[in-house]
Amino acid sequence: MSDHSCDSVVITCIDFRFQDYINKWIAENFPVRSFDRVALAGGVFDSDYVFKQVEISKRLHHIKKVVLINHEDCGAYGEAGTAEKHAEDLQNAAAKIKEQYPDLEIKAYCLLLDGTFKSIP
Ligand SMILES: [Zn+2]
């Protein structure tokens, strides 16, 4: 097996309404062939599954950075998906990853319906 690396893993929801925003944002912020990409319903909603993907991406591709993107009006969250809930889940997922992999840089965003990437501290 060849040894190959990339810089980042980008994790997003599957929702088709946001893919053009995400594609554009990625194209503006990441060099081509520099990232793994994961799409799963709810973004970080299932944080165990997200964690497994990060683990694999790190092991196989030696990533340095994790980008977590949830979005406004997410069907996987339904009524529970308030701005506060998304921020909380993103922060919890980031903390869980950071605990296991302190060397990884983690960025979290909530993507709004108008295409704005709201950074979650
Ligand atoms: Zn969604």
Residues being assigned to a strand (DSSP E or B) and touching a residue at least 40 places away in the same chain (Cβ under 8 Å) - total across the range 1-46: 5
Report, by residue number, each residue of the range 25-57 that is away from the ligand (no atom under 15 Å from the Cβ) and within 19 Å of residue 73 (Cβ to Cβ). 25
Considering residues of the range 1-22 that are surrounded by 10 or more Cβ atoms within 10 Å (Cβ to Cβ) and away from the ligand (no atom under 16 Å from the Cβ) only, the residue farthest from residue 112 (Cα to Cα): 5
Kindly provide the set of residues from the range 35-92 that are within 13 Å of the chain's Cα centre (by Cα) and among the polar types (S, T, N, Q), ordered by number. 47, 53, 57, 70, 91, 92
Going through the range 58-79 in order, the residues found to be part of a helix (DSSP H, G or I) and away from the ligand (no atom under 12 Å from the Cβ) are 58, 59, 60, 61, 79
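Where a number appears in this text, it was derived from the coordinates with a stated rule and is not lab data. What you see is a predicted model, and the numbers here were worked out from it, not measured in a lab. Here the Cβ is made from the backbone with ideal geometry for all residues, glycine too, and neighbour counts use every protein chain on show.
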